[in-house]
Amino acid sequence: MFGIGAPLTFLLIFCILSAFAFEFINGFHDTANAVATVIYSNALKPGVAVLWSGIWNFIGVNIGGIAVAIGIVNLLPVEALTDSNIYHNLAMIMALIITAILWNLGTWYLGIPCSSSHTLIGSIAGVSIVYILLPGNHNITFNWGKVTDAGLSLLISPVIGFLLAVFFMYFLRKLVKNKTIFKEAPSKKAPPLWVRSILILTSTFVSFSHGSNDGQKGIGLMMIILISIVPMEFALDHSKHPVALRQNVEQMKILSSRIHAGDSENEVRMELENVTICLDSLNKRLSGIHSFDDMNRNGFVNTRKDILILSKQSRLLLADLEVNDVRAVTQDWFKAFSFQIKQIRTYTEYSPWWVILMISLALGLGTMIGWKRIVVTIGEKIGKSHLNYAQGATANLIAASTITVSSMMGLPVSTTHVLSSGVAGTMVSGLGLKNLQTKTLAAIGIAWLITIPVTMLLSGVLFMIFRLLIA
């Protein structure tokens, strides 16, 4: 397969199946976030609820885009993805996958709502830091900007979910005259039709948004595997043409030549010089290339690397140009330059259709099992009173809205923590902090705080061990 020989083909298939397993576990690990309220309120039978949730997770992955997936791929240093030694790449991939699967399974077994997003990002950060510390790699920089964005998104979103749930419940109590929705769900009886409809709709929204965000993390993991092991097939999008790429590069060179920064605009001149170096390098690599068949492995690896560096330097240049008033840099110039770099990025920011389909199947199938442990935690162990109709619908709506906004911004977010904090917010609203079970919240909070450092440490140690074994 892909001309890499039988041993590497076997390892590639093993890594792909491991990524499938990670997303499958993610499915049943996070199922409770979508189905807890409808099951607990008897709006749907458990079997129907998880099947319905699985279908909408599947749909969410397929139409949710890949912005979050690209963010996950770009967490790794460029050089780590394009190491000339494929076995080094395999050591990195196996370290982060094993770590992510072990932590997810452990927290699920203990019934602790834990974030698959924290787990994956911590695992990637761990192998990245170790890679940079290896001999000869000290000049490689870690993408702290992407990690900071992802980290802030994961840290802030539960707080937002909690506060929004408190306020939303407060206004519901003031505005809704029919108090049926504020009564604890009977143990056997289904809720009134209108209440049932709201619960099913909000649960569906959570399932869809979970697929559109968490599913992308599996896509990102799969792309890391494919780019690392078979870069000639997946480092660049083969559905596009290298001649068109060179034309985009030439257009950017023409646009760049119109910038004439003055002495007071040192930042602009420095960023412009960096962009020009990247454009020249890309232009040279693409010279004489009429088809991707003309490109060797190093060509794919280095072209991808040049595009990623060009994208970063272009963002910095545009940011500096917005601050400085530079001649010839008009609004039309900004639009033209931004369009060209966006076109160039499409050669690296993509995912094959079969990867998206495979991950959506894994998440959808995983959603249909393993839900019971965490449903009990969500429904009974966050608040001292059991979840009522209004609390369930509010937590669902807040969680789904937060996740949807994060997906649109290309940021990973923890469905688990957003919904758990939303449930906590509904419990506090009107009754105060005394209505929370501090033991459960402490367990969730500890998992929230330690997941990233623990997975960083574990993946980093495993990476070092695997590298030593294959050295």
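The values are calculated or read from the model by the stated rules, or taken from the named source; none is laboratory data. As the structure is a prediction and not an experimental result, all values here were calculated from the model. Using ideal geometry, Cβ is built from the backbone for each residue, glycine included, and neighbour counts are taken over all protein chains shown.
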- (1) in contact with a Phe, Trp or Tyr (Cβ under 8 Å, 6 or more places away or on another chain); (2) crowded, with 21+ Cβ neighbours inside 10 Å; (3) hydrophobic (A, V, I, L, M, F, W, C) all hold for Phe182 apart from (2)
- Note on the structure: Residues of the stretch 180-233 being closer than 20 Å to Tyr40 by Cα, in a loop (DSSP other than H, G, I, E, B) and either touching a helix residue (DSSP H, G or I) at 6+ places or on another chain (Cβ under 8 Å) or at pLDDT 85 or above (or both), in sequence order, are Lys183, Ala185, Ala190, Pro191, Pro192
- Note on the structure: Listed by first then second residue, the pairs whose first member lies in the stretch 449-463 and is charged (D, E, K, R), whose partner is assigned to a helix (DSSP H, G or I) and modelled with pLDDT of 90 or more, with beta carbons under 7 Å and at least 6 positions apart or on separate chains, are none
- Message: Going residue by residue through the stretch 70-78, is there one that turns out to be in contact with a Leu (Cβ under 6 Å, 6 or more places away or on another chain) and crowded, with 24+ Cβ neighbours inside 10 Å?
- Response: no
- Number of the condition not met by Ser385 [criteria: (1) surrounded by fewer than 17 Cβ atoms within 10 Å (Cβ to Cβ); (2) outside any loop (DSSP other than H, G, I, E, B); (3) modelled with pLDDT under 90]: (2)
- Would you point out the residue of the stretch 146-179, among those that are modelled with pLDDT under 75 and in contact with a helix residue (DSSP H, G or I) (Cβ under 8 Å, 6 or more places away or on another chain), that is nearest to Val38 (Cα to Cα)? Leu154
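How about the stretch 282-291: which of its residues are more than 31 Å from the chain's Cα centre (by Cα) and either of a type in the set (A, V, I, L, M) or assigned to a helix (DSSP H, G or I) (or both)? Lay out the reasoning, then the answer.
Step one: filter the stretch 282-291 for residues more than 31 Å from the chain's Cα centre (by Cα), giving 283-291.
If the condition is that a residue be more than 31 Å from the chain's Cα centre (by Cα) and either of a type in the set (A, V, I, L, M) or assigned to a helix (DSSP H, G or I) (or both), then Asn283, Lys284, Arg285, Leu286, Ile289 are the ones that fit.
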- Item | Lone unmet requirement of (1) within 28 Å of the chain's Cα centre (by Cα); (2) outside any helix (DSSP H, G or I); (3) more than 27 Å from Ala69 (Cβ to Cβ) for Ile259 | (1)
- Query: Out of the residues in the stretch 299-327 that are charged (D, E, K, R) and modelled with pLDDT of 85 or more, which is nearest to Asn266 (Cα to Cα)?
  - Reply: Arg315
- Item | Checking Lys177 against (1) assigned to a helix (DSSP H, G or I); (2) within 14 Å of Ala390 (Cβ to Cβ); (3) not hydroxyl-bearing (Ser, Thr, Tyr), the condition it does not meet | (1)
- Could we say that Thr107 is out of contact with any Ser or Thr (no Cβ under 7 Å at 6 or more places or on another chain) and under 20 Å from Ala362 (Cα atoms) here? yes
- Do you know which of the residues in the stretch 391-405 that are surrounded by fewer than 24 Cβ atoms within 10 Å (Cβ to Cβ) and either not β-branched (Val, Ile, Thr) or not assigned by TED's automatic domain parsing to the domain that holds Leu199 (or both) is farthest from the chain's Cα centre (by Cα)? Leu397
- Note on the structure: Of the listed residues (Ile277, Ile307, Ile259), the one being closer than 30 Å to Pro231 by Cβ and buried (at least 16 other Cβ atoms within 10 Å of the Cβ) is Ile307
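Could we say that Phe208 is assigned by TED's automatic domain parsing to the domain that holds Ala390 and farther than 30 Å from Ile359 by Cα here? It would help to see each step written out before you state the result.
Values: assigned by TED's automatic domain parsing to the domain that holds Ala390: yes; farther than 30 Å from Ile359 by Cα: no.
Judged against the criteria, Phe208 is not a match.
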- Message: Is it the case, given these coordinates, that Leu468 is farther than 20 Å from Ser115 by Cβ and either at pLDDT 80 or above or outside the structural domain of Ala100 (by TED's automatic domain parsing) (or both)?
- Response: yes
- Message: Just to be sure I understand, how many residues within the stretch 328-356 are free of Cβ contacts under 8 Å to residues at least 24 places away in the same chain and of a type outside the set (Val, Ile, Thr)?
- Response: 9
- Task: Enumerate the pairs (first residue in the stretch 279-291 and assigned by TED's automatic domain parsing to the domain that holds Leu308; second residue anywhere and not in a helix (DSSP H, G or I)) with beta-carbon separation below 6 Å, excluding pairs fewer than 6 apart on the same chain, so at least 6 apart or on different chains.
- Result: Ile289/Met295
